[in-house]
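Computed from the coordinates by the stated procedures, all read-outs in this text should not be read as laboratory data. Predicted model only: the values in this text are computed from it and were never measured. Cβ coordinates were reconstructed from backbone atoms using ideal geometry, including for glycine residues, and neighbour counts include every protein chain displayed.
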Amino acid sequence: MASITHSAVADSHDEHDGHPTDLTYWKVGLFLAVLTALEVTTYWWPESMRKVTAVLLIIMMMIKFAVVALYFMHLKFDAKILRNVFAAGFVLAVGVYIATLGSMVFFDNSGNVEEVYNDPPRSKPQPPPSPEPPPIIKPVVKHG
């Protein structure tokens, strides 16, 4: 039977020394709860802050996503190449998100222009008329 040397035990023990303690996880959880509460309060912020609110929500979303990935998915303690792959994907996703917002004219009329783009339709849209005549429904006569 092979004996385990002291250095082998010490080497396997050192692999886990970099991981956070339970207290760290509680602190991270509390931080995420506070950030989530702040996100929820944006619902009651004044209408004039809508563009700022949207940008702040995006920033808070990115922070929460990164914190969850770093601590609860253990990316903070993995190899540097895995963190780089994750960061590259994260940057690409944020770029696609910003491009999508730009294509939807999100950044135009950010509150400094007097024009209002809220132009609802004048009437409720109606479906096109059917090319076939409606079916004839004969009344049901009960004999009694």
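Table for the structure above
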quantity: Residues 80, 64, sorted so that the one with the fewest Cβ neighbours within 10 Å comes first; calculated: 80, 64
quantity: Cα-based shape type of segment 19-103, given that a ≥ b ≥ c are square roots of the gyration tensor eigenvalues and the cut on a/c is 1.5; calculated: oblate
quantity: Size of charge dipole - segment 19-103 - debye, nearest 20, with Cβ of Lys, Arg +1 and Asp, Glu -1, no other charges; calculated: 180 debye
quantity: Cα lying deepest toward the dipole's positive end in segment 19-103, options 60, 30, 42, charges on Cβ; calculated: 60
